[in-house]
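The values are calculated or read from the model by the stated rules, or taken from the named source; none is laboratory data. Keep in mind that this is a model prediction, so the values were computed, not measured. FYI the Cβ positions are ideal-geometry reconstructions off the backbone, even for glycines, and counts take in every protein chain you see. Note: accessible area is taken over every heavy atom of the protein model, side chains too, but ligands, DNA and RNA are not part of it. Shrake-Rupley method; radii C 1.70, N 1.55, O 1.52, S 1.80 Å.
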There are 2 protein chains.
Amino acid sequence: MRLVEVKHVIALVRQRGLASVLVDLAERIEQDYRRWGQFDKSPRYAAHSPHGVIELMPIADAERFGCKYVNGHPANQAAGLQTVIGFGVLADVATGYPLMIAEMTLMTALRTAAMSALAARHLARPNARSMAIIGLGAQSEFQAVAFQALLGITELRVFDVDPAATAKFLGNMQGSGLRIVSTDTAGEAVEGVDIVTTVTADKRASTVLSDNMIGGGIHINAVGGDCPGKTELQAAILHRARVFVEFEPQTRIEGEIQQVPADFPVTELWQVIAGETTGREHRDEITLFDSVGFAIEDFSALSYLFDATSDIALHREIDLLAAPADPRDLFGLLRQPEPALARV
Amino acid sequence: MRLVEVKHVIALVRQRGLASVLVDLAERIEQDYRRWGQFDKSPRYAAHSPHGVIELMPIADAERFGCKYVNGHPANQAAGLQTVIGFGVLADVATGYPLMIAEMTLMTALRTAAMSALAARHLARPNARSMAIIGLGAQSEFQAVAFQALLGITELRVFDVDPAATAKFLGNMQGSGLRIVSTDTAGEAVEGVDIVTTVTADKRASTVLSDNMIGGGIHINAVGGDCPGKTELQAAILHRARVFVEFEPQTRIEGEIQQVPADFPVTELWQVIAGETTGREHRDEITLFDSVGFAIEDFSALSYLFDATSDIALHREIDLLAAPADPRDLFGLLRQPEPALARV
């Protein structure tokens with residue numbers, strides 16, 4: 001079976017170009033969302049501790065089983081560690097054999113950005129060209145490149161409370177071809193834009209966007225309100241917008257809509273993608289994608305990665321399966337005359 | 001982080017000796033069972049398909065999170081594949097970072113045998129020296145070595161419906177120091193023994209042991225009745241025995257006791273190990289360990305493996321975590337001047 005490490009994903013992205021990978025990922029996600037009913041969807045498993053949470057996100061269709069391991073440890077950042085890392089497994093349903101274990105630290109960032117841009121393609125005004133990004137952390141550059149590649153965004157207005165984050169973002173975006181203006185407040189950033197992306201890391205209910213900042217016709221891509229107790233938008237915005245979610249039972253707990261009653265109307269995005277309901281209905285409508293990240297997106301990312309990394313330069317062969325010549329003779333492996341170490 | 005492959009486990013077993021590994025594993029399991037209350041125990045997650053099942057078995061204490069991926073695909077054997085393979089992850093609860101991914105195909109066989117012998121040490125007569133093994137598939141040799149090492153079993157009486165399985169077993173056991181008699185029927189195998197181990201692979205309710213075959217004082221180590229619809233013992237035996245289980249809610253569904261009403265009395269083995277209740281109470285009592293395999297045993301196996309494989313000859317370093325110098329600069333990894341591939 002195959003192991004895809006961080007270096008392999010980096011090599012893949014350098015080979016194909018980030019924009020091209022994001023476009024392909026979005027297409028894969030779109031295909032999978034269109035066949036929503038074919039997936040066996042489960043609530044995620046979460047092991048909570050005083051420090052954070054470790055989650056397992058399993059999902060399967062008739063052919064493939066996928067599962068992502070992912071953590072969320074806010075205090076990691078102070079220790080110089082990442083707050084979110086992950087890896088995934090893709091397995092063959094017919095035999096139960098795992099096919100691939102892959103890093104999902106970079107891939108989660110990629111699929112999140114691809115998903116955001118995919119949603120915006122269905123929900124933002126067709127001629128959207130400018131976007132504000134509030135929060136310039138680990139996810140911000142991926143959002144910028146995804147919206148440039150998938151929607152033709154040409155202008156960014158960006159803001160972060162931390163000037164160091166802004167400097168990092170501007171440095172990373174050099175040569176991107178995007179016109180970028182950094183602003184002193186979130187309010188200035190959203191002035192006149194077609195799309196607002198919020199990706200702050202604050203682990204509390206905060207108000208990154210207040211109601212008076214949001215004009216008619218805007219699409220809001222709300223990425224950072226993604227776990228219980230963590231929201232970014234003033235609730236009044238939700239009441240003026242049409243709200244789209246990935247998987248309603250999960251978003252009720254984790255998304256911006258945890259601020260509003262359980263009967264607050266939302267639309268699952270797959271229905272828009274599958275053509276079962278409308279996305280944006282008129283120019284002046286406020287649309288909101290309340291993004292929390294759903295297992296199908298990881299499944300799409302793992303499937304994409306499995307297809308894209310068959311070249312031996314892009315993975316490593318590993319053995320977790322034993323594979324004795326006689327399946328009943330596991331014990332015999334321990335008695336081989338030649339050390340198995342010589343095999344690799 | 002660390003990857004422990006099949007070849008590494010083989011090397012470890014050759015280095016330390018199988019008996020020694022089984023003794024150490026049993027000790028680790030015993031320690032973990034003694035602190036039963038410290039574990040966050042969850043029901044396993046199961047994705048069923050027409051071909052089989054893929055399961056996730058997560059468990060955690062305050063320091064470590066463990067999870068095993070394992071399948072069960074009976075039809076695999078006809079295709080020359082193993083019916084059960086697995087791998088596990090061990091993670092640090094404080095940071096959410098995975099520490100190790102390890103093969104659990106061989107390790108599951110090892111921990112199952114260690115668990116059986118550990119249970120028998122508490123439940124079989126103290127002077128037990130002879131054991132019958134019914135079913136000579138992939139698990140049988142591990143059971144034989146574990147009972148020899150942990151209980152001082154010196155004599156085996158063995159039976160399988162397939163002479164090829166018997167031949168494989170006898171070949172593998174050459175030089176073990178055990179006196180082994182192979183018999184023509186299961187009934188002959190159990191004649192006069194102190195312990196009976198059943199480890200057949202038949203995926204239906206079958207009767208490997210019938211009531212008239214079981215005399216007073218025997219300990220039955222029932223390993224093969226381990227999933228819904230798969231049992232090995234005639235129900236009448238259960239009514240004559242004191243029945244011990246790993247985790248009652250799971251065994252009610254998967255074990256031999258699926259044949260009897262839900263109020264049939266059982267004792268959880270950890271209570272015996274922790275000294276909270278008695279094991280065997282007198283010489284003539286029939287004791288029965290209704291083994292299905294529980295997540296703590298995998299946790300113990302993963303912890304053991306993590307401690308035992310720190311030598312670089314016994315694992316491989318892999319990167320699923322990215323680890324950018326600035327945790328907020330994941331994007332920067334894609335822009336490194338030196339290809340990350342050069343790092344390894």
Residues satisfying the stated conditions in segment A:208-221, i.e. part of a strand (DSSP E or B) and either open to solvent by 40 Å² or more (accessible area, probe 1.4 Å) or at pLDDT below 95 (or both):
A:Val208, A:Leu209
If you take the residues of segment B:1-55 that are of a type in the set (Gly, Ala, Ser) and at the interface with chain A (Cβ under 8 Å from one of its Cβ atoms), which of them is farthest from B:Leu151 (Cα to Cα)?
B:Ser49
Meets criteria (at the interface with chain A (Cβ under 9 Å from one of its Cβ atoms), surrounded by 18 or more Cβ atoms within 10 Å (Cβ to Cβ), part of a strand (DSSP E or B) and of a type outside the set (S, T, N, Q)) for B:Val84:
no
Condition met for A:Ala205 (open to solvent by 30 Å² or more (accessible area, probe 1.4 Å), at pLDDT below 95 and more than 30 Å from A:His282 (Cβ to Cβ))
yes
Can you confirm whether B:Pro58 is in a strand (DSSP E or B) and not assigned by TED's automatic domain parsing to the domain that holds B:Phe147?
yes
Of everything in segment B:42-53 that's outside any strand (DSSP E or B) and loosely packed, with under 14 Cβ neighbours inside 10 Å, which residue is farthest from the chain's Cα centre (by Cα)?
B:Pro50
State yes or no: is A:Leu106 buried (at least 19 other Cβ atoms within 10 Å of the Cβ), farther than 27 Å from A:Glu268 by Cβ, within 14 Å of the chain's Cα centre (by Cα) and facing another protein chain (nearest Cβ under 10 Å)?
yes
Can you tell me which residues in segment B:57-75 are closer than 19 Å to A:Arg44 by Cβ, more than 7 Å from chain A (Cβ to nearest Cβ) and out of contact with any Ser or Thr (no Cβ under 8 Å at 6 or more places or on another chain)?
B:Met57
A:Asn212 fails exactly one of (1) of a type outside the set (Ser, Thr, Tyr); (2) within 21 Å of A:Arg111 (Cα to Cα); (3) away from chain B (no Cβ under 14 Å), namely (2)
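To keep it simple, each residue is scored yes or no on (1) closer than 25 Å to B:Ala308 by Cα; (2) at pLDDT 95 or above; (3) among the hydroxyl-bearing types (Ser, Thr, Tyr).
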position: B:His8; (1), (2), (3): yes, yes, no
position: B:Leu18; (1), (2), (3): yes, yes, no
position: B:Leu22; (1), (2), (3): yes, yes, no
position: B:Tyr33; (1), (2), (3): yes, yes, yes
position: B:Gly37; (1), (2), (3): no, yes, no
position: B:Tyr45; (1), (2), (3): no, no, yes
position: B:Ser49; (1), (2), (3): no, no, yes
position: B:Gly52; (1), (2), (3): no, no, no
Quickly run through segment B:284-294 and pick out the residues that are modelled with pLDDT of 95 or more and either more than 15 Å from B:Ala117 (Cα to Cα) or aliphatic (A, V, I, L, M) (or both).
B:Asp284, B:Glu285, B:Ile286, B:Leu288
Residue in segment A:136-144 that is under 22 Å from the mean Cα position of the chain (by Cα), modelled with pLDDT under 95 and of a type in the set (A, V, I, L, M, F, W, C) present
yes
Would you say B:Ala119 is at pLDDT 95 or above, touching a strand residue (DSSP E or B) at 6+ places or on another chain (Cβ under 7 Å) and not assigned by TED's automatic domain parsing to the domain that holds B:Ala308?
yes
Restricting attention to segment A:245-294, and to residues there that are open to solvent by 10 Å² or more (accessible area, probe 1.4 Å) and among the aromatic types (Phe, Trp, Tyr), which single residue is nearest to A:Asp211 (Cα to Cα)?
A:Phe264
What pairs come out if I take residues in segment B:277-300 that are in contact (Cβ under 8 Å) with a residue 12 or more places away in the chain and pair them with residues that are among the polar types (S, T, N, Q) and not in a helix (DSSP H, G or I) whose C-beta lies under 7 Å away, six or more apart or interchain?
B:Arg280/B:Thr287; B:Phe289/B:Asn221; B:Ser291/B:Asn221
Just to be sure, is B:Arg240 without any contact (Cβ under 8 Å) to a residue 60 or more places away in the chain, surrounded by fewer than 17 Cβ atoms within 10 Å (Cβ to Cβ), within 14 Å of B:Leu288 (Cα to Cα) and over 19 Å from the mean Cα position of the chain (by Cα)?
yes
Among B:Thr267, B:Thr251, which is among the polar types (S, T, N, Q) and touching an Asp or Glu at 6+ places or on another chain (Cβ under 8 Å)?
B:Thr251
Within segment B:20-41, track down each residue that is within 13 Å of B:Leu118 (Cα to Cα) and surrounded by 15 or more Cβ atoms within 10 Å (Cβ to Cβ).
B:Leu22, B:Val23, B:Asp24, B:Leu25, B:Ala26, B:Glu27, B:Arg28, B:Ile29, B:Glu30, B:Asp32, B:Tyr33
Only one of (1) open to solvent by 10 Å² or more (accessible area, probe 1.4 Å); (2) more than 8 Å from chain A (Cβ to nearest Cβ); (3) under 17 Å from the mean Cα position of the chain (by Cα) is not met by B:Ala78, so which one is it?
(3)
Scope segment A:64-78; condition farther than 21 Å from A:Lys230 by Cα and hydrophobic (A, V, I, L, M, F, W, C); matching residues
A:Phe65, A:Cys67
Residues of segment B:295-326 being open to solvent by 50 Å² or more (accessible area, probe 1.4 Å), touching a strand residue (DSSP E or B) at 6+ places or on another chain (Cβ under 9 Å) and of a type outside the set (Ser, Thr, Tyr), in sequence order, are B:Glu317
Which numbered condition A:Tyr33 misses (of (1) in a helix (DSSP H, G or I); (2) under 27 Å from B:Tyr97 (Cβ atoms); (3) touching a helix residue (DSSP H, G or I) at 6+ places or on another chain (Cβ under 8 Å); (4) not hydrophobic (A, V, I, L, M, F, W, C)):
(2)
List the helices (runs of 4 or more DSSP H) that sit entirely inside segment A:239-344 and contain at least 2 residues that are more than 30 Å from A:Ala11 (Cα to Cα) and away from chain B (no Cβ under 14 Å).
A:248-254, A:269-273
Which condition number in (1) in contact with a helix residue (DSSP H, G or I) (Cβ under 6 Å, 6 or more places away or on another chain); (2) assigned to a helix (DSSP H, G or I); (3) within 20 Å of A:Ser206 (Cα to Cα) is the one that A:Ala149 fails?
(3)
Hits in segment A:87-102 - residues which are open to solvent by 10 Å² or more (accessible area, probe 1.4 Å) and more than 7 Å from chain B (Cβ to nearest Cβ):
A:Asp92, A:Leu99
From the list B:Gly177, B:Gly187, which one is more than 23 Å from the chain's Cα centre (by Cα), in the same structural domain as B:Leu288 (by TED's automatic domain parsing) and closer than 17 Å to B:Gln143 by Cα?
B:Gly177
